[in-house]
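The values are calculated or read from the model by the stated rules, or taken from the named source; none is laboratory data. Predicted model only: the values in this text are computed from it and were never measured. No Cβ is skipped: glycine too gets one built from the backbone with ideal geometry, and neighbour counts run over all protein chains shown. The protein model used for the area step is the full one, side chains on, heavy atoms only, and it has no ligands, DNA or RNA in it. Shrake-Rupley method; radii C 1.70, N 1.55, O 1.52, S 1.80 Å.
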Amino acid sequence: MNEDKSPLHPAWRQWLAENLALGVSAEDVQQTLVQAGVDPALAREEITAVGQHPYFKAALQVARHFGWLESLMDVYSELRARDGGRELEVREGISPEEFFRRYFLGHRPVVLRGLMADWPAMKRWSLPYFRERFGTVEVEVMVGRDANPEHAAEQDRHRARMPFSDFLSQLETAGETNDIYMVPRNDNWGREGLAPLRDDLRAPAGLIDPSLRPEQLTLLLGPAGTVTPLHHDNMNILLGQVMGRKHVRLVPSFERHRVYPHRGTFSHVDAAEPDLAAHPLFAEATVLEAVLEPGDMVFLPVGWWHWVKALDVSASVTFHHFLVPGGNTHLDAPF
């Protein structure tokens, strides 16, 4: 069949080739097409045509390569599970040497306690404090998030500037909502008016660069109910919880094929209520979770998938300039 004259919609033809390349049987593919209203004879003809196309044969070779990689990752996941990989470790009093050896270089997440006890922020930070000290400073926040399911990936569409006091008023009256949020991708730390906030922080000794320059950390501030959908970062992150609580769920980087990647660093899966009919492989994913209390830090290794929901009005700080020989490790993802 001349593919340019095929009566089958291009989206279905792409779906057909993708599923056959991934190993779905011709019978199952045909059944799905017929159930979608495609004539059985046309479905059989298209399946035959796809199998003979040289582009599909090349795609099949690529799919076999990725299948081998996924199989290797499954083995790695099983080995890590036997080595405590199904629990999110919680540590207190850990030395920098052990942190870098077991967690940073070991590519393991961990909740760290006791590293924020000397932060002035733990006693000072509150909405009244922010208003009194920084109310007139202009800040950048994200607004109108609820109307756009892709708000996390399309942040430029939701950027707004306002006096910090106006944003604080919204936090005080918003209740539980995901509509407004001060997310990491902003220039707030670099604005002179908020510079004194950095004096309320302390870099965890031996772990993070103590200079705390504006480009080395980020501030997250929002109401209860803010959700950061399942995604991964392209560098190692240390998140410190200052105000309120956050519920975090993590999935290993090496289980990427179980989270249905979307737009590169995001996932199609709603980690709060996963639809296992639409995303059945997520049922096999290793999901680690914890509720971060004020004073808790969580290490998020590069490439690890994480979902975060604020349970209260919440303020968090993230760091990514680690004092590891050779510097931080970055993921140079092609897409």
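For R101, the conditions (1) part of a helix (DSSP H, G or I); (2) exposed (fewer than 11 other Cβ atoms within 10 Å of the Cβ) all hold with the exception of (2).
Evaluate the following for V38: is it open to solvent by less than 90 Å² (accessible area, probe 1.4 Å), part of a helix (DSSP H, G or I), within 18 Å of W15 (Cβ to Cβ) and free of Cβ contacts under 8 Å to residues at least 60 places away in the same chain? Can you show your working first?
Numbers: open to solvent by less than 90 Å² (accessible area, probe 1.4 Å): yes; part of a helix (DSSP H, G or I): no; within 18 Å of W15 (Cβ to Cβ): yes; free of Cβ contacts under 8 Å to residues at least 60 places away in the same chain: yes.
No: the conditions fail for V38.
Of the residues making up segment 170-203, those that are of a type in the set (S, T, N, Q) and open to solvent by 60 Å² or more (accessible area, probe 1.4 Å) are Q170, T173. With respect to the stated conditions, A152 fails to be of a type outside the set (D, E, K, R), at pLDDT below 95 and either exposed (fewer than 13 other Cβ atoms within 10 Å of the Cβ) or over 23 Å from E176 (Cα atoms) (or both). Considering only residues that are out of contact with any helix residue (DSSP H, G or I) (no Cβ under 8 Å at 6 or more places or on another chain) and aliphatic (A, V, I, L, M), look in segment 43-72 and name the one that is nearest to L16 (Cα to Cα). Looking at residues that are out of contact with any helix residue (DSSP H, G or I) (no Cβ under 8 Å at 6 or more places or on another chain) and aliphatic (A, V, I, L, M), I get A58. Residue pairs whose Cβ atoms lie under 6 Å apart, separated by 6 or more positions or on different chains, with the first residue in segment 141-160 and farther than 18 Å from L219 by Cα and the second aromatic (F, W, Y) and modelled with pLDDT of 80 or more, are A153/F266. If I filter segment 44-81 down to residues being without any contact (Cβ under 8 Å) to a residue 24 or more places away in the chain and farther than 27 Å from R258 by Cα, which single residue comes out as surrounded by the most Cβ atoms within 10 Å (Cβ to Cβ)? Filtering segment 44-81 for residues that are without any contact (Cβ under 8 Å) to a residue 24 or more places away in the chain and farther than 27 Å from R258 by Cα, the one surrounded by the most Cβ atoms within 10 Å (Cβ to Cβ) comes out as R44. Taking segment 304-335 as the range and being open to solvent by 70 Å² or more (accessible area, probe 1.4 Å) and under 23 Å from A271 (Cβ atoms) as the test, the residues that pass are L331, F335. If the condition is being within 28 Å of D179 (Cβ to Cβ) and open to solvent by less than 10 Å² (accessible area, probe 1.4 Å), then segment 274-295 contributes only L292. Could you grab me the full set of residues in segment 204-222 that are part of a loop (DSSP other than H, G, I, E, B) and either in contact with a helix residue (DSSP H, G or I) (Cβ under 7 Å, 6 or more places away or on another chain) or surrounded by fewer than 20 Cβ atoms within 10 Å (Cβ to Cβ) (or both)? Once the filter is applied, which keeps residues that are part of a loop (DSSP other than H, G, I, E, B) and either in contact with a helix residue (DSSP H, G or I) (Cβ under 7 Å, 6 or more places away or on another chain) or surrounded by fewer than 20 Cβ atoms within 10 Å (Cβ to Cβ) (or both), segment 204-222 yields A205, G206, L207, D209, P210, S211, L212, R213. Being closer than 21 Å to L201 by Cα and modelled with pLDDT of 90 or more: is that true of L105 here? No; evaluated as a whole, the condition is false for this residue.
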